[in-house]
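**Q** The structure under discussion is supplied below as structure tokens; questions concerning it will follow.
Since every read-out is calculated from the coordinates, none of them should be taken as a lab result. Bear in mind the structure is a predicted one, so any value in this text is a computation, not a measurement. Virtual Cβ from ideal backbone geometry, glycine too; neighbours counted across all protein chains shown.
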Amino acid sequence: MPRHMALATLVHPTGYHPASWRHPDARADGSTDIDYYRGLAQLAEKGFFDLFFIADTPAARTSGLQTFARAPLFMNVFEPITLLSAIAGATRHIGLGGTASTSFAEPYNIARQFASLDHISHGRAAWNVVTSANDFAARNFGLDRLPPHAERYARAREFVQVVKGLWDSWEDEAFIRDKEAGLFLDPLKQHPVQHEGAHFRVHGALNIARAPQGHPVIIQAGASDTGKDFAAETAEVVFSSEPTPEAAKHFHDDLKSRMARFGREPGELKVLAGLPVLVADSAQEAEDMHQELQALIHPDVGVGRLAMDLEADLSGLDLDQPIPEDRIPKQANFHKAYFDHITGMIREGLTLRQLYLRYERGNRTLRGTPKDIADTMQAWFEGGACDGFMLLFNLLPRDMEAFIAKVVPELQRRGLMRSAYSGSSLRENLGLARPPHPAR
Ligand SMILES: Cc1cc2nc3c(=O)[nH]c(=O)nc-3n(C[C@H](O)[C@H](O)[C@H](O)COP(=O)(O)O)c2cc1C
């Protein structure tokens, strides 16, 4: 049987590009229109994608509004599980993944919500486990700032352990509903959690039957050493965000080599490489489409993004001059890859405006013809850089429509993608085993 690449897409309402909402074709009010989202999910299902994924943070920004007023990421969006439950009824096959933070909830809440989503969607739920990385969210949950990184991950580890315990608090056939005998459930098939840990005390059982997938699929995207260990121990899908196939292969191999320590096989985890893609009939047309969006980036947004990743104060500078030497820090504190990328461009002598127009956070958008895009995806996949892709579309639905019309058939021709959904659950489509109940 040919090995297919897994395909997911991360959906921000008007697209991944920070200026997408300003494009004439964008549905700027789409972020709170359920019919718009349903249409996007149905489109992704038409392209046989495995997973429709909603990222999240539980906070609107309350400072830095000069930038966030113009690039409104997460400023006006649905809560992911509510949203995915509504999408479930409008789709049949595609996996439905959403983010929920372990820093701002109790395991019981999350276990119950994702078990419910798995039932509602007939086995298509996936939970992206994050520890969150901004203080705006912390301040909504009784904290002044996020707890330190190691502490967040220690809590996350215990959190996932309790959630899995709760997902197993009933055996699969516990609810027998025997009308004749008058027995709705088999008491022997209940296995309450008895947990006393550093962060949680849980003594009880979930009030919903074991999920169709046994456990909803666990996603993770941590990039730190601790994050990678956590993923190696618990994740079944990991989103990587490496800019080159070499770096992606290194990440993939490193992550999978960590799994043996936790008694797991490499095949139990699928690494999906983040890939911003823009397809057009010619390379020039793709480039023009990209530049059209770049030109819509307001200087406050462009300079704000650059300042954040360069860890510098760039206020009050002339846009058409290079950044003065004394504003450029000597080294990075937060994200070395972004910092090095920007300082490299500064050395080429670009002006501030040229810098922000050229700079794309993280990965550079892969743009080109259907053949160009398929060639690159094939090379990454067959070179062992990933098990599939987390596709990012700059402008929705336009760029997803083009990908499905032009790249998907090319990948199918090459035997790299399916032409029909093969399984009835997200696990089956991804080739992940259903976890047996521990009592069996
Ligand atoms: C494709 C992708 C999606 C992500 N989605 C979210 C998200 O929805 N919410 C969030 O707080 N973090 C999200 N993250 C961030 C990661 O979960 C993680 O916090 C980050 O990579 C830093 O990891 P580290 O703390 O292990 O270094 C995402 C990362 C990637 C690559």
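**Q** Using modelled amide H (1.01 Å from N, peptide plane; none on Pro or chain starts), what sits under 5 Å from the amide H of GLU106, excluding residues fewer than 5 places away?
**A** Answer set, sorted by chain and number: none.
**Q** Count the net charge of all other residues whose Cβ sits under 12 Å from the Cβ of GLY362, scoring Lys and Arg as +1 and Asp and Glu as -1.
**A** Summing Lys and Arg as +1 and Asp and Glu as -1 gives 0.
**Q** Where Rh is the Kirkwood radius over the Cα pairs of the range 1-40, the temperature 10 °C and the viscosity 1.306 mPa s, what D in µm²/s does Stokes-Einstein return?
**A** Using the Kirkwood radius from Cα pairs, D works out to 134 µm²/s.
**Q** Sticking with this structure for a sec: Only Cα pairs under 8 Å and at least 6 apart count here; give the relative contact order of the range 78-213 as a rounded whole percent.
**A** After rounding, I find 25 percent.
**Q** Sticking with this one: Evaluate the relative contact order of the chain (contact order divided by residue number), counting alpha-carbon pairs under 8 angstrom at least 6 apart; express in whole percent.
**A** With pairs under 8 Å counted, the relative contact order is 22 percent.
**Q** Just to be sure I follow: if Rg is taken over the C-alpha atoms of the range 12-96 and Rh is the Kirkwood radius over the same atoms, what is Rg/Rh? It would help to have the intermediate numbers written out before the result.
**A** Working: Rg = 13.5 Å, Rh = 13.7 Å.
Taking Rg over the Kirkwood Rh, I get 0.98.
**Q** Under the rule of at least 5 residues apart or a separate chain, name every residue whose amide H is placed under 5 Å from the amide H of GLY95.
**A** For GLY95, whose amide H was placed from the backbone, the distant partners under 5 Å are LEU51, PHE52.
**Q** What nm distance separates the two modelled labels at PHE262 and ALA198, each placed 7 Å from Cα along Cα→Cβ?
**A** That separation, rounded to one decimal, is 1.6 nm.
**Q** Expressed as an acute angle from 0 to 90° and rounded to the nearest 10, what is the orientation of the C-alpha long axis of helix 245-257 relative to the principal long axis of the chain?
**A** Value to nearest ten degrees: 30.
**Q** Moving on to the next point. Filter the GluC sites (Glu not before Pro) in the range 177-244 to those in DSSP coil with at most 13 other Cβ atoms within 10 Å of their Cβ, and list the result.
**A** Working: sites: GLU180, GLU196, GLU233, GLU236; in loops: GLU180, GLU236.
In loop regions of the range 177-244 (DSSP not H, G, I, E or B), the sparsely surrounded GluC sites (Glu not before Pro) are GLU180.
**Q** Then there's this: Pull up the DSSP beta bridges for the chain and report the antiparallel fraction as a percent, rounded to 5.
**A** 15
**Q** I'd like to know which of ASN394, PHE74, PRO187 lies farthest towards the positive end of the charge dipole of the chain, counting +1 on Cβ of Lys and Arg and -1 on Cβ of Asp and Glu.
**A** Of ASN394, PHE74, PRO187, it is PRO187.
**Q** In Å and on Cα atoms, what radius of gyration and Dmax does the range 292-413 show?
**A** Gyration radius and largest Cα-Cα distance of the range 292-413: 17.6, 54 Å.
**Q** Please find the FRET efficiency linking SER424 to ILE34, where r is the Cβ-Cβ separation and R0 is fixed at 25 Å, and quote it to the nearest 0.05. Each step should come with its number before you reach the end.
**A** Numbers: r = 25 Å, r/R0 = 1.00.
Calculated value: 0.50.
**Q** OK, next. Angle between the Cα long axis of helix 299-310 and the longest principal axis of the chain, 0 to 90 degrees, nearest 10?
**A** The angle comes out near 70 degrees.
**Q** Tell me the angle of helix 370-382 to the major Cα principal axis of the chain, expressed in degrees between 0 and 90 and rounded to the nearest ten.
**A** 60
**Q** Would you order ASP309, ASP186 from fewest to most other beta-carbon atoms within 10 Å of each residue's own beta-carbon?
**A** The most exposed by this proxy come first: ASP186, ASP309.
**Q** Still on this structure, please answer the following. In the range 153-253, what trypsin sites (Lys or Arg not before Pro) fall in a loop by DSSP, with at most 10 other Cβ atoms inside 10 Å?
**A** For trypsin sites (Lys or Arg not before Pro) across the range 153-253 that sit outside H, G, I, E and B with at most 10 neighbouring Cβ atoms in 10 Å, the list reads ARG177, LYS179.
**Q** Once Rh is set to the Kirkwood radius over Cα pairs, what Stokes-Einstein translational diffusion coefficient, in µm²/s, holds for the chain at a temperature of 4 °C and a viscosity of 1.567 mPa s? All intermediate terms of the calculation are to be shown ahead of the outcome.
**A** On the way: Rh = 23.1 Å.
The estimated diffusion coefficient comes to 56 µm²/s.
**Q** What percentage of all Cα-Cα pairs in the range 216-359 are separated by more than 22 Å?
**A** 55
**Q** Please enumerate, by chain and number, the aspartates and glutamates with C-alpha under 16 Å from the C-alpha of LYS406, excluding those fewer than 8 residues away in the same chain.
**A** Once the sequence-local aspartates and glutamates are set aside, what remains near LYS406 is GLU45, ASP281, GLU285, ASP372, ASP375.
**Q** Output needed for the range 351-401: three equivalent-ellipsoid semi-axes, defined as square roots of 5 times the C-alpha gyration tensor eigenvalues, in descending order, whole Å.
**A** Values: eigenvalues 117, 46, 23 Å².
Ellipsoid semi-axes (Å, largest first): 24, 15, 11.
**Q** Apply the a/c threshold of 1.5 to the C-alpha gyration tensor of the range 267-336 and tell me whether it is rounded, prolate or oblate.
**A** Taking the square roots of the gyration eigenvalues as a ≥ b ≥ c, the range 267-336 is oblate.
**Q** Could you give each residue of the range 394-410 its phi-based ³J(HN,Hα) in whole Hz, using Karplus coefficients 6.51, -1.76, 1.60 with θ = phi - 60°, and x for Gly or Pro?
**A** With coefficients 6.51, -1.76 and 1.60, one gets 4, 10, 10, x, 3, 6, 6, 4, 5, 4, 5, 6, 10, 8, 4, x, 5 Hz.
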